[in-house]
Amino acid sequence: MRAALEGFEAKHGIAPLTQRTRKIVLGSYVALIVLLLIGGWQLQTQSSNGILPVLVRVLPLILFLPTLYTRRPRGHAWLAFVSLLYFMQGVMLATLPGKTWLGLLEVVASLTLFVSSMLYARWRSVNCRNKRHLVFKIILLLLFSRCPMIATSKSKPRIDCYRGSIK
């Protein structure tokens, strides 16, 4: 499975895959919230609890808005795990008479959110790691290109700088 995923990444590139999965994450996130609002409003009409059923259903997803805004990979991984709770809820809703379609739609939206969030977390972290390595290499190049090279006794060069030496 890992080899297939790495082959897919090599074929299509990490950056375009990251952008596509981000769009899928946002779409499935919004779809799941809309489905939860519909289900919460149906519960609200059946009971006298007020807006509480809607808040209980939607609040865990709303807490991930900063993660979606800042595009953090770790937060997307956590969002994937939380989406599994909505998968279980959708399966339970699908077994109720008259709620089958709402439950099945919730299952599809939550599974889409799970898979896309996990893939986004993977590809975004790889993308960030590559950028960090590139920035680190540029900083090292700029820093050490100004330092004098000092030959050692074994004729291997050693970089001597004002902040220490690298051997």
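Laboratory data are not the source of any read-out in this text; all were calculated from the coordinates shown. Being a predicted model, the structure only gives us computed values, none of them experimental. Backbone-built Cβ (ideal geometry, glycine too); neighbour counts: all protein chains shown.
Could you list Thr45, Thr18, Thr100, Thr67 in order of exposure, starting from the residue whose Cβ has the fewest other Cβ atoms within 10 Å?
Thr45, Thr100, Thr67, Thr18
Roughly speaking, what is the stretch gain from Val108 to Ala94, that is 0.36 nm per residue apart minus the C-alpha to C-alpha distance, in nm to one decimal?
Extra length available between Val108 and Ala94 comes to 3.9 nm.
Between Val56 and Val30, what length comes free when the chain is fully extended (0.36 nm per residue of separation minus the Cα-Cα distance, one decimal in nm)?
Answer, rounded to one decimal: 7.7 nm.
How large is ³J(HN,Hα), in whole Hz, for each residue of the range 78-92 in order, when computed from phi with the Karplus curve 6.51 cos²θ - 1.76 cosθ + 1.60 and θ = phi - 60°, using x for Gly and Pro?
Residue by residue, the range 78-92 yields 5, 4, 4, 5, 5, 5, 5, 5, 6, 4, 4, 5, x, 5, 5 Hz.
In vacuo Debye scattering of the range 1-91, one point per C-alpha: log10 I(q)/I(0) at q = 0.13, 0.26 Å⁻¹?
These q points yield log10 I(q)/I(0) values of -0.56, -1.31.
Which residue, chosen from Ala94, Met118, Val135, occupies the Cα position most advanced towards the positive end of the dipole of the range 37-144, where the dipole is computed from +1 (Lys, Arg) and -1 (Asp, Glu) charges on Cβ about the Cα centre?
Val135
Which ordering of Leu43, Leu142 is given by a fewest-first count of other beta-carbon atoms within 10 Å?
Listed from fewest to most nearby Cβ atoms, that is Leu142, Leu43.
How large is ³J(HN,Hα), in whole Hz, for each residue of the range 33-46 in order, when computed from phi with the Karplus curve 6.51 cos²θ - 1.76 cosθ + 1.60 and θ = phi - 60°, using x for Gly and Pro?
5, 4, 5, 5, 5, 4, x, x, 5, 5, 5, 5, 6, 7
Which semi-axis lengths, in whole Å and largest first, follow from the square roots of five times the eigenvalues of the Cα gyration tensor of the range 28-73?
25, 11, 5
Output the relative contact order of the range 14-72, whole-number percent, from Cα pairs under 8 angstrom with separation of 6+ residues.
28 percent
Sort Arg20, Arg122, Arg2, Arg74 so that the residue with the fewest other Cβ atoms within 10 Å of its own Cβ comes first and the one with the most comes last.
Neighbour counts put them in this order, fewest first: Arg2, Arg74, Arg20, Arg122.
Please report Rg (one decimal) and Dmax (integer) in Å for the Cα set of the range 48-116.
Both quantities, over Cα of the range 48-116: 13.3, 40 Å.
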